[in-house]
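**Student:** Sharing a structure below in structure tokens format, with a few things to ask.
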Amino acid sequence: MHQNMMEDIDHILLSKEELQAKVAEIGAQISKDYQGKNLLLLSVLRGSFIFMADLARAITVPLSVDFMSASSYGSSTKTSGAVKITKDIDIDIEGKDVIVVEDILDSGLTLSFLMGLLKAKKPASLHLCALLDKPERRKAEVNLTYKGFTVPDEFVVGYGLDYDEKYRNLPFIGVLKPEVYSK
Ligand code: PRP
């Protein structure tokens, strides 16, 4: 990894401006849809932290926020969809209008598990908002209500998304040079 992260980026997929415009658009749509509701934005850490922060500020209706974290039980179970909750929600979501905020919907295994878990807590409504959607990788069906961009099956980093916990602070979404992860 270079000290200048730009040297590890093959090309920019979504610029800062494109991201900003899309976040504003989704924020406006949510503001319209959640008039008079009891909105709770629930961010699934860590990848969604930057999108969450920008999206919350693009929404004009009152809302509360909460955070949770989940990890799959190693690579073999990524296919089975077994998910461990490493940080649970703190707010009682019963009767709340919950939007789960994610950076990327990939295989759908984590999200289909999480959505099922949350649904059992009896929210008034439950929807998913993901900035990126990689449909080519889907293994489990998940309803995506608010979608930013469909992306190809490439190694994307930045705007919250990592490779080996790095690159999350890039202000755009870029494709990593293969030599970075094939070492
Ligand atoms: C990513 C992403 C979702 C999940 C989606 O998180 O933020 O939570 O994977 O994958 P799926 O659709 O295949 O289930 P990751 O496990 O990389 O953790 P991170 O958010 O801490 O980077």
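The values are calculated or read from the model by the stated rules, or taken from the named source; none is laboratory data. All values reported here derive from a predicted model rather than from experimental measurement. Every residue, glycine as well, gets a Cβ built from its backbone with ideal geometry; the counts of neighbours run over all protein chains shown. All accessible areas refer to the heavy atoms of the entire protein, side chains included, with ligands and DNA or RNA removed. Shrake-Rupley method; radii C 1.70, N 1.55, O 1.52, S 1.80 Å.
**Student:** What is segment 1-107 by shape, rounded, prolate or oblate, if you read a ≥ b ≥ c off the alpha carbon gyration tensor as root eigenvalues and call it rounded for a/c under 1.5, prolate for a/b larger than b/c, and oblate otherwise? Kindly include the intermediate steps, with their values, before the conclusion.
**Tutor:** Values: a/c = 2.37, a/b = 1.15, b/c = 2.06.
Oblate is the answer for segment 1-107, as a/c is 1.5 or above yet b/c matches or exceeds a/b.
**Student:** What lysines does Lys122 reach when the alpha-carbon gap must be under 25 Å and sequence neighbours fewer than 8 apart in one chain are set aside?
**Tutor:** Filter leaves Lys32, Lys37, Lys84, Lys87, Lys96, Lys147.
**Student:** So what is the relative contact order of the chain, in percent, for Cα pairs below 8 Å that sit 6 or more residues apart? Write down the numbers at each step before the final one.
**Tutor:** Details: 347 pairs, mean separation 44.4, N = 183.
Relative CO of the chain lands at 24 percent.
**Student:** How far, in degrees from 0 to 90, does helix 109-119 lean away from the longest principal axis of the Cα atoms of the chain, to the nearest 10?
**Tutor:** It is inclined by approximately 10 degrees.
**Student:** Could you state the orientation-averaged shadow area of the convex hull built on the Cα atoms of segment 92-148, in nm² to one decimal? Can you show the working numbers first?
**Tutor:** Numbers: hull surface 14.0 nm².
Averaging across all directions leaves 3.5 nm² for the Cα convex hull.
**Student:** In Å², what does the accessible area per residue of segment 105-183 work out to with a 1.4 Å probe?
**Tutor:** Numbers: 3860 Å² over 79 residues.
Each residue of segment 105-183 exposes 49 Å² on average to a 1.4 Å probe.
**Student:** Now for a different question. Determine the calculated [θ] at 222 nm for the chain from helices alone, applying -39500 (n - 2.57) to every DSSP H run no shorter than 4 residues and normalising by the residue count; nearest 500 deg cm²/dmol. Before the final figure, lay out each step's value.
**Tutor:** Working: 5 runs with 47 residues, N = 183.
Mean residue ellipticity at 222 nm (helix-derived): -7500 deg cm²/dmol.
**Student:** On a 1.4 Å probe surface of the protein chains, which of Ser15, Ser43 comes out largest in accessible area, and what is the full order?
**Tutor:** Working: Ser15 30, Ser43 0 Å².
Descending order: Ser15, Ser43.
**Student:** While we're here: Say R0 is 30 Å: what FRET efficiency, to the nearest 0.05, do His2 and Ala120 get from their beta-carbon distance? Can you show the working numbers first?
**Tutor:** Numbers: r = 45 Å, r/R0 = 1.52.
My answer for the efficiency is 0.10.
**Student:** Now, a different point. For the chain, give the share of DSSP beta bridges that are antiparallel, in percent and rounded to the nearest 5; count only bridges with both residues there. Each step should come with its number before you reach the end.
**Tutor:** Working: 12 of 36 bridges.
That works out to approximately 35 percent antiparallel.
**Student:** Pop the C-beta distance of Arg46 and Asn143 into the FRET formula with R0 = 25 Å and round what comes out to the nearest 0.05.
**Tutor:** Efficiency, rounded to the nearest 0.05: 0.60.
**Student:** Using a 1.4 angstrom probe on heavy atoms only, work out the carbon and sulfur share of the accessible area of the chain in %. Could you put the intermediate results ahead of the total?
**Tutor:** Working: 4680 of 9360 Å².
Heavy-atom surface of the chain belonging to carbon and sulfur, 1.4 Å probe: 50 percent.
**Student:** Starting from the Cα of Tyr163, step 7 Å along the direction of its Cβ; do the same at Ser31; then give the gap between the two resulting points in nm.
**Tutor:** 3.7 nm
**Student:** Sticking with the crude label model, points 7 Å out along Cα→Cβ, report the distance from Tyr181 to Arg57 in nm, one decimal please.
**Tutor:** 2.9 nm
**Student:** Find the all-direction average of the projected area of the Cα convex hull for the chain, expressing the result in square nanometres with one decimal place. Intermediate results must be reported in sequence, preceding the final value.
**Tutor:** On the way: hull surface 41.4 nm².
Approximately 10.3 nm², given one-decimal rounding.
**Student:** Here's another thing I want to ask about it. Where in segment 116-140 is the amide nitrogen less than 19 Å from a point lying 7 Å along the Cα-to-Cβ axis of Ile85?
**Tutor:** 116-129
**Student:** Can I ask one more? Which peptide among 88-96, 34-42, 128-136 comes first, and what is the full order, when sorted by highest mean count of other Cβ atoms within 10 Å? Can you show the working numbers first?
**Tutor:** Details: 88-96: 13.7, 34-42: 17.3, 128-136: 21.2.
Order by mean packing, descending: 128-136, 34-42, 88-96.
**Student:** How would you order 45-54, 150-159 from highest to lowest mean count of nearby Cβ atoms within 10 Å?
**Tutor:** Working: 45-54: 19.6, 150-159: 17.6.
In decreasing order of mean packing, 45-54, 150-159 become 45-54, 150-159.
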